[in-house]
Amino acid sequence: MIPPMFRDAIIFAALLSMLSTSLTLTYMTTKVPNFAHGNFATIGIYMTLLLAKVLKLNVYFTLIPSLIVGGVVALILYLFVLKPLMDRGANYITLMIATIAYDMILFSFLNIFADYLTRTFKIPARLFILKSLDFRVMGQPGLFIIAPLLAVISVISFYLLLNKTKFGIAMRAAIENPSLASVVGINVNLTYAVSWFISGGLAGLAGALTPLLITCDTNTGMTLIVHIFAASIVGGLTNIYGAFFGGLLIGLAERLGTGYLSLQVGTWIIAYRSIIPLAFMVVTLLFAPKGLTSIPWKKILRRR
Amino acid sequence: MALPVALTFLIDLLALLGIFAIISLSLNIEFGYTGIPNFGKLLAVAGGAFFVGAVPGRILAYVYNALDNLDYIRDTNLVMTNINRILSTDVLSSITLLILSLLGAAFIGAILGFIASYPAIRLREDYLAITLLAMAEILVMIGRNYEDLIGGTRGVAIPDPFRWVGGEWRFVAATCTILVVLLLILFYVESISRSPLGRTLRAIRDDEISAEVFGKDVVKIRMKVLMVGSSIAAVGGALSAFLSGSVVAAGFTRVTHTFWPWVMVIIGGAANNFGVLLGSALFVTLRKVITFYKDVFKPFLPFDVVWLEYLLLGIILIIVLIYRPEGIIPEKPSRTLSRRELDQIMRELKLKTAK
């Protein structure tokens, strides 16, 4: 029997690591800290609500549509907002502000959509949780299998894409040195656009599973974005696998840490739960400013 | 005595404009002139407001003996009714309260700015933006959950230094105070930007290494700029608390107190104080007009009109960023000499070339 606290922690960590991995991908390719990433996940959340509650489909049918819609929304951000700005030589602060502006637009659409769902179909579109729609395997929710599985599959496919396919190698070249890559005939713009699509798609996928775990609202993504950044920074912001482990670490630390502390010092600590990832991030930045992956682990291990 | 509707609208507008202009001007010193991407503006604003919520009321309650068996947080309304009854007849204490609270808020802001400067002088810029944002989130989270500070989710009432003016005229008095403070701050930041210090700040923004080569202590200057900027923002937060007469932690969010000032600075024109003023005016007026006409649209739309506001702001911001990244009033080159001296030099040059 697995205690529910531990189970929820693993699911949350898996979802968070999918989100931080995808955030890191676009940071690596286009050097944009994307503040709209949280709302890509919220789009997935509302896709699930739409398909499961309005169209009465199985909740897991939402995965593919969420992936596509999330990807398209991210692609629009890149093609119609960031690309024109980058062509005009905008610096990273301008790009960051632009993602915040896009985030506001997404937030407004999500709220309009939520209001529309509530008024037209009379379903609760705010503060909802769809835990009861999940299937159960041996007394455990199906999400306990699906979420970690998807997280592992996504990181393995990232590895295969970046190391074993021609397109992935071209993408790595475009990350390392865009001008040199374009000299040897790599379509840098295409690799960037694809990276945005993958990033948004993966965020939408992770978001689609979120209502099966926690109570969701239109601002869930805006709350999560700080955690996603924390996870990604702990991993070093420029390393996909680092971001994956950062997500696992932050997710487990937040859930298990507060769970453990609430048993020790009292339940009042649960209200401060979100401080754990932020504190983790600040400490990491002060002692290893380039993230955990920048620490020369091999050297440290060899010395022993 | 009730005020006419148009005047209420104008007073509301000016008060909001004043508060947001103060916050945006502080961001303009940090980002516009010095180039520090302060995405934690909320930290200082909330710090100032929380200070006003937590400290002056407690001191007054102690001085006036207004507590008698009441709990400061739980019975906040009763305690404040007692305090405000005394304040409403005591003009001198009211004004002292206002000035001391603003100074205290500025001091708290400076401390928060000092704390924020710790990462600000060590981290690369994109990490820095996110760290400052996270620090602000932590402060607001504490405000929201630690009830003994400012009452958690329910908030606290604060002593009202404008009560002696009487009735609805207190809003007029509060607005005038805000505008006076705004003018003082505008004068201060404008004189900084015209001084040699202002040129040093721009040098640090444009090329840190060459500023260092010329003997400028970049680390110390960035630290000072963050402290000054944060104390100005904290005064803005304190004024907004005095205007509404209460402090609720939930009223301070990343969107309203960090992103909106950023929007104002970017739309108006970074590194130009009057541009930032114009940006704040446009932003606040637009929001006010949308909320004013909200009820007109209501029957036609199947959703809350508030969300259109976000949509509109996002689109305007992206258009400005793409087509006019320098803002409506762009930065002007700083004049190192007065115009008279410049003309003198030009005339001499012309004479020389004529020879």
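The values are calculated or read from the model by the stated rules, or taken from the named source; none is laboratory data. Just so we're clear, the structure is a prediction, and the values are computed from it rather than from any experiment. In this analysis, Cβ positions are derived from the backbone assuming ideal geometry, glycine residues included, and neighbour counts consider all displayed protein chains.
Things to note:
- Any hit, the range A:41-61, residues being among the charged types (D, E, K, R), outside any helix (DSSP H, G or I) and facing chain B (nearest Cβ under 8 Å): no
- Scope the range A:124-148; condition of a type outside the set (D, E, K, R) and assigned to a helix (DSSP H, G or I); matching residues: A:SER132, A:LEU133, A:LEU143, A:PHE144, A:ILE145, A:ILE146, A:ALA147, A:PRO148
- Scope the range A:84-117; condition more than 9 Å from every other protein chain (Cβ to nearest Cβ) and hydroxyl-bearing (Ser, Thr, Tyr); matching residues: A:THR99
- Residue check for B:ASP160: farther than 30 Å from B:ILE204 by Cα, crowded, with 18+ Cβ neighbours inside 10 Å and away from chain A (no Cβ under 14 Å): yes
- Residue in the range A:251-273 that is under 17 Å from the mean Cα position of the chain (by Cα) and either within 12 Å of chain B (Cβ to nearest Cβ) or over 22 Å from A:SER22 (Cα atoms) (or both) present: no
- In the range B:40-87, the residues that are farther than 16 Å from B:SER246 by Cα and not in a helix (DSSP H, G or I): B:GLY40, B:TYR64, B:ASN65, B:ALA66, B:LEU67, B:ASP68, B:ASN69, B:LEU70, B:ASP71
Here is a yes/no grid of residues against (1) at pLDDT 90 or above; (2) of a type in the set (A, V, I, L, M, F, W, C); (3) under 26 Å from A:ASN34 (Cβ atoms); (4) over 19 Å from the mean Cα position of the chain (by Cα):
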position	(1), (2), (3), (4)
A:LEU75	yes, yes, yes, no
A:TYR78	yes, no, yes, no
A:GLY89	no, no, yes, yes
A:ASP103	yes, no, yes, no
A:LYS122	no, no, no, yes
A:SER132	no, no, no, yes
A:SER154	yes, no, yes, no
A:ALA173	yes, yes, yes, yes
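- Flag for B:ILE232 being buried (at least 22 other Cβ atoms within 10 Å of the Cβ) and either in contact with a Leu (Cβ under 8 Å, 6 or more places away or on another chain) or under 30 Å from B:PHE171 (Cβ atoms) (or both): yes
- Qualifying positions in the range B:291-324 - among the β-branched types (Val, Ile, Thr), within 13 Å of chain A (Cβ to nearest Cβ) and either more than 16 Å from B:THR256 (Cα to Cα) or not in a helix (DSSP H, G or I) (or both): B:VAL305, B:ILE315, B:ILE316, B:ILE318, B:ILE319, B:VAL320, B:ILE322
- Every residue from the range A:229-269 that is among the aromatic types (Phe, Trp, Tyr) and crowded, with 18+ Cβ neighbours inside 10 Å: A:PHE229, A:PHE244, A:PHE245
- Some residue of the range B:266-273 being of a type outside the set (Gly, Ala, Ser), over 20 Å from the mean Cα position of the chain (by Cα) and modelled with pLDDT of 85 or more: no
- Filtered residue count, the range A:223-250, keeping only those that are part of a helix (DSSP H, G or I), farther than 9 Å from A:SER17 by Cα and of a type in the set (A, V, I, L, M, F, W, C): 8
- Of the helices (runs of 4 or more DSSP H) that lie entirely inside the range B:123-224, those containing 2 or more residues that are closer than 30 Å to B:ILE73 by Cβ span B:125-145, B:147-150, B:169-194.
- From B:GLY143, B:GLY152, residue being within 14 Å of chain A (Cβ to nearest Cβ), touching a Lys or Arg at 6+ places or on another chain (Cβ under 9 Å) and either surrounded by fewer than 21 Cβ atoms within 10 Å (Cβ to Cβ) or farther than 20 Å from B:ILE36 by Cα (or both): B:GLY152
- Residue in the range B:104-114 that is assigned to a helix (DSSP H, G or I) and within 13 Å of chain A (Cβ to nearest Cβ) present: no
- Among (1) more than 10 Å from chain B (Cβ to nearest Cβ); (2) over 17 Å from A:LEU224 (Cα atoms); (3) among the aliphatic types (A, V, I, L, M), the one test that A:LEU285 misses: (1)
- Screening the candidates B:TYR323, B:TYR310 for the property of being under 20 Å from B:GLY269 (Cβ atoms) and modelled with pLDDT of 85 or more yields one hit, B:TYR323.
- Among the residues of the range A:162-216, those identified as within 13 Å of A:THR29 (Cβ to Cβ) and charged (D, E, K, R) are A:ARG172, A:GLU176.
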